[in-house]
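**Q** Once you've had a glance at the structure underneath, I'll fire off some questions.
Read-outs: derived from the displayed coordinates by stated rules, not from any lab. Just so it is clear, the structure is predicted and the values come from calculations on it, not from any experiment. Note that each Cβ is placed from the backbone with ideal geometry, even for glycine, and that neighbours are counted across all protein chains shown.
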């Protein structure tokens, strides 16, 4: 047996496993991560500033939303119907699933009508003496928030340093944060949305 036939005899018998070593190397903007004390300190300070703006806007907006009495009466009457339906089921041992489902659909529609009243994008918000027609979508949920913070803290050098630190990296640091805050104002029934909390917690019957 020559050398070639000898090696062929021992090759291609079983599959081989190879471990390929890769390394994730940061480049360009991906280098901006909270990897030191300054990053963490600045992030926490910036979060306080932006959170404060959201809180002020929410408080201002809620003071201007009105729920018509007629809509509240509809919700209350639907609740009375639901209570009577449950009592009927207990006393007569009736199957109320069909009636209950219809009533639940009615209640869901009422809740939806209430949630739709809380349209934060329509709030005309006054900030530092200037009025904004769509403050939520044009300023608060955009990088433009930095411009307003610069104006607000124009005499506070420490805060201005924090704000300027994110001028080029706002999307990287605050993209996910902004999406989470956007859910606050969602009126489509999401659990974290303020309109949904108003309906299911404050107006829960």
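**Q** Any chance you could run the full-extension gain for residue 161 through residue 69? It's 0.36 nm times the residue separation minus the Cα-Cα distance, nm to one decimal.
**A** Computed gain between residue 161 and residue 69 is 28.2 nm.
**Q** Can I ask one more? Please compute the modelled spin-label separation between residue 109 and residue 62, points set 7 Å along Cα→Cβ, answer in nm with one decimal.
**A** Those two pseudo-labels are separated by 3.0 nm.
**Q** Let me ask you something else. With a 10 Å Cβ neighbour count serving as the proxy for reagent exposure, in which order, fewest first, do 55, 99 appear?
**A** Going from sparsest to densest Cβ surroundings: 55, 99.
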